[in-house]
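Everything on this sheet refers to the single structure shown next.
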Amino acid sequence: MARAMSSAASRHNGAVAAIATYTFWGVMPIYFKLLGAVPAPELLAWRIVCSMPICLAIIALQRQGASLRASFGNRTVVLRLATSALLTATNSLIFFIAVVTGHVLATSLGYYIMPLINVLIGTVFLHERLSRVQWAAVVIAATGIGFLAFGELDMLFVAITLGVSYALYGFVRKITPAGALEAVTIETGVSVFPALAVVGWYAWTGNGVGGGSSMTASWQLAVLLMIGGLFTAIPLLLFGYAARRLTLSAMGFAQFITPSIGFLLGHFLWGEPLDASRTGCFVLIWTALALFSWDMFRQARLNAHTKAPA
């Protein structure tokens, strides 16, 4: 009984972390729009550099140094996290470029596609099973995405790259035996020296904002760049926490929060056009999410009644 309650609490905490993560990422385009003048590689590099001290400070405060050293000593863990670091860097770079060039709806499509990729990875590699109702939700979501895919072929490169890179990131983190904090710290650690090289190159060549490093262009820009460390580390910590406690399929459908916020921002805040195909996609995908979530809730209640003592 105690074990069942602990498992339920773990799933609940994972769900809260997932919702917070995806909501945070949903509003990130607002932050990136403020940094539109910064070259994309330099912005990514500064985010990594500013994340490193934050991760190390949290490690010290939570006294996780021994756990971090143990993870660093595991070659398989380090290789997997180096792979996930490359995937998330690719994802972030393309996302930023798409946002500042006025393709927020393309990023929205990419993150709508990602849950379908998550479901495929979860069923094929992790042997996660979906009910008939959940498969119906997948079909409805695929139909909605098809509305956009057939009418917006120019969006497909951004969408597919974002969807595939982050779905693979979630899969790699799912199979990596490391805690959320340790994993993000190692991901940042293996990326920080290349990031420092990029930052140094922009300062040396004068290709940043203001003819030098973007960090020295103005105090306002410096503050925004430094805040990027928090905006990078915190959601990744929450994501890692959630990924270890929820099924990949559940994580995939919770992910719909991010593109839905992006969809609304792209259209209502920045005026990107919303035609009939995009409207149809939005409606069908949220129908699929509601159906999938209802079935998960129904199954959870049935399992709770089944396991309850007589």
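The values are calculated or read from the model by the stated rules, or taken from the named source; none is laboratory data. Computed from a predicted structure; not experimentally measured. Glycine also receives a Cβ, built like all others from the backbone with ideal geometry; neighbour counts cover every protein chain displayed.
Sort through Met5, Met52 and tell me the only one that's more than 30 Å from Ser213 (Cα to Cα) and either in a helix (DSSP H, G or I) or at pLDDT 95 or above (or both).
Working: Met52 fails: more than 30 Å from Ser213 (Cα to Cα).
Matching residue, one of Met5, Met52: Met5.
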**OP:** Scan Val190, Val119, Val172, Val164 and give me the residue that is closer than 23 Å to Pro39 by Cα, hydrophobic (A, V, I, L, M, F, W, C) and within 20 Å of the chain's Cα centre (by Cα).
**Re:** Val190
Original post:
So Gly271 clears everything in (1) assigned to a helix (DSSP H, G or I); (2) at pLDDT 90 or above except one condition, right? Which one?
Top reply: (1)
Original post:
Is there a residue in the range 215-226 that is surrounded by 18 or more Cβ atoms within 10 Å (Cβ to Cβ), modelled with pLDDT of 85 or more, in contact with a helix residue (DSSP H, G or I) (Cβ under 8 Å, 6 or more places away or on another chain) and more than 19 Å from Met28 (Cβ to Cβ)?
Top reply: yes
Subject >> Evaluation of Leu248 against (1) among the aliphatic types (A, V, I, L, M); (2) touching a Leu at 6+ places or on another chain (Cβ under 8 Å); (3) modelled with pLDDT of 80 or more (one fails), failing number >> reply: (3)
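Scan the range 242-277 for residues that are surrounded by fewer than 19 Cβ atoms within 10 Å (Cβ to Cβ) and touching a Gly at 6+ places or on another chain (Cβ under 6 Å) and report the count.
Within the range 242-277, the subset surrounded by fewer than 19 Cβ atoms within 10 Å (Cβ to Cβ) is 244, 264, 267-277.
Subset that is touching a Gly at 6+ places or on another chain (Cβ under 6 Å): 272, 277.
Summing the residues that are surrounded by fewer than 19 Cβ atoms within 10 Å (Cβ to Cβ) and touching a Gly at 6+ places or on another chain (Cβ under 6 Å) in the range 242-277 gives 2.
Trp46 - would you say it is touching a residue at least 24 places away in the same chain (Cβ under 8 Å), over 18 Å from Val104 (Cα atoms) and of a type in the set (Phe, Trp, Tyr)?
Working: touching a residue at least 24 places away in the same chain (Cβ under 8 Å): yes; over 18 Å from Val104 (Cα atoms): yes; of a type in the set (Phe, Trp, Tyr): yes.
Spelling it out, Trp46 is indeed touching a residue at least 24 places away in the same chain (Cβ under 8 Å), over 18 Å from Val104 (Cα atoms) and of a type in the set (Phe, Trp, Tyr).
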Original post:
Hey, any hits in the range 40-60 for a residue that's farther than 21 Å from Pro259 by Cα, over 22 Å from the mean Cα position of the chain (by Cα) and hydroxyl-bearing (Ser, Thr, Tyr)?
Top reply: no
Subject >> Leading residue by the ranking (surrounded by the fewest Cβ atoms within 10 Å (Cβ to Cβ)) among those in the range 281-296 that are under 17 Å from Glu128 (Cα atoms) and at pLDDT below 80 >> reply: Ser293
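Conditions tested, residue by residue: (1) of a type in the set (Ser, Thr, Tyr); (2) under 22 Å from Ala45 (Cα atoms).
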{"residue": "Ala98", "(1), (2)": "no, yes"}
{"residue": "Asn118", "(1), (2)": "no, no"}
{"residue": "His127", "(1), (2)": "no, no"}
{"residue": "Arg132", "(1), (2)": "no, no"}
{"residue": "Ala136", "(1), (2)": "no, no"}
{"residue": "Val139", "(1), (2)": "no, no"}
{"residue": "Gly170", "(1), (2)": "no, yes"}
{"residue": "Glu187", "(1), (2)": "no, yes"}
{"residue": "Ser191", "(1), (2)": "yes, yes"}
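Restricting to the range 159-174, name every residue that is closer than 18 Å to Leu105 by Cβ and at pLDDT below 85. Let's see the steps before the verdict.
Filtering the range 159-174 for residues closer than 18 Å to Leu105 by Cβ gives 159-163, 166.
Listed by number, the residues that qualify are Ala159, Ile160.
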Original post:
What are the residue pairs meeting all of these: first residue in the range 276-301, first residue without any contact (Cβ under 8 Å) to a residue 12 or more places away in the chain and under 19 Å from Leu109 (Cβ atoms), second residue among the hydroxyl-bearing types (Ser, Thr, Tyr) and part of a helix (DSSP H, G or I), Cβ atoms under 7 Å, and 6 or more apart or on different chains?
Top reply: none
Subject >> Count of the range 227-245 residues which are at pLDDT 85 or above, among the hydrophobic types (A, V, I, L, M, F, W, C) and within 11 Å of the chain's Cα centre (by Cα) >> reply: 1
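Within the range 112-132, is even one residue in a helix (DSSP H, G or I), touching a Ser or Thr at 6+ places or on another chain (Cβ under 7 Å), of a type in the set (Phe, Trp, Tyr) and buried (at least 24 other Cβ atoms within 10 Å of the Cβ)? First the steps, then the outcome.
Here is the first cut: in the range 112-132, the ones in a helix (DSSP H, G or I) are 112-125, 132.
From what's left, touching a Ser or Thr at 6+ places or on another chain (Cβ under 7 Å): 118-119, 122.
Checking the rest, the ones that are also of a type in the set (Phe, Trp, Tyr) come to none.
Taking every residue of the range 112-132 in turn, none turns out to be in a helix (DSSP H, G or I), touching a Ser or Thr at 6+ places or on another chain (Cβ under 7 Å), of a type in the set (Phe, Trp, Tyr) and buried (at least 24 other Cβ atoms within 10 Å of the Cβ).
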Original post:
Only one residue in Phe193, Phe239 is without any contact (Cβ under 8 Å) to a residue 40 or more places away in the chain and either in a helix (DSSP H, G or I) or surrounded by 15 or more Cβ atoms within 10 Å (Cβ to Cβ) (or both), so which one is that?
Top reply: Phe193
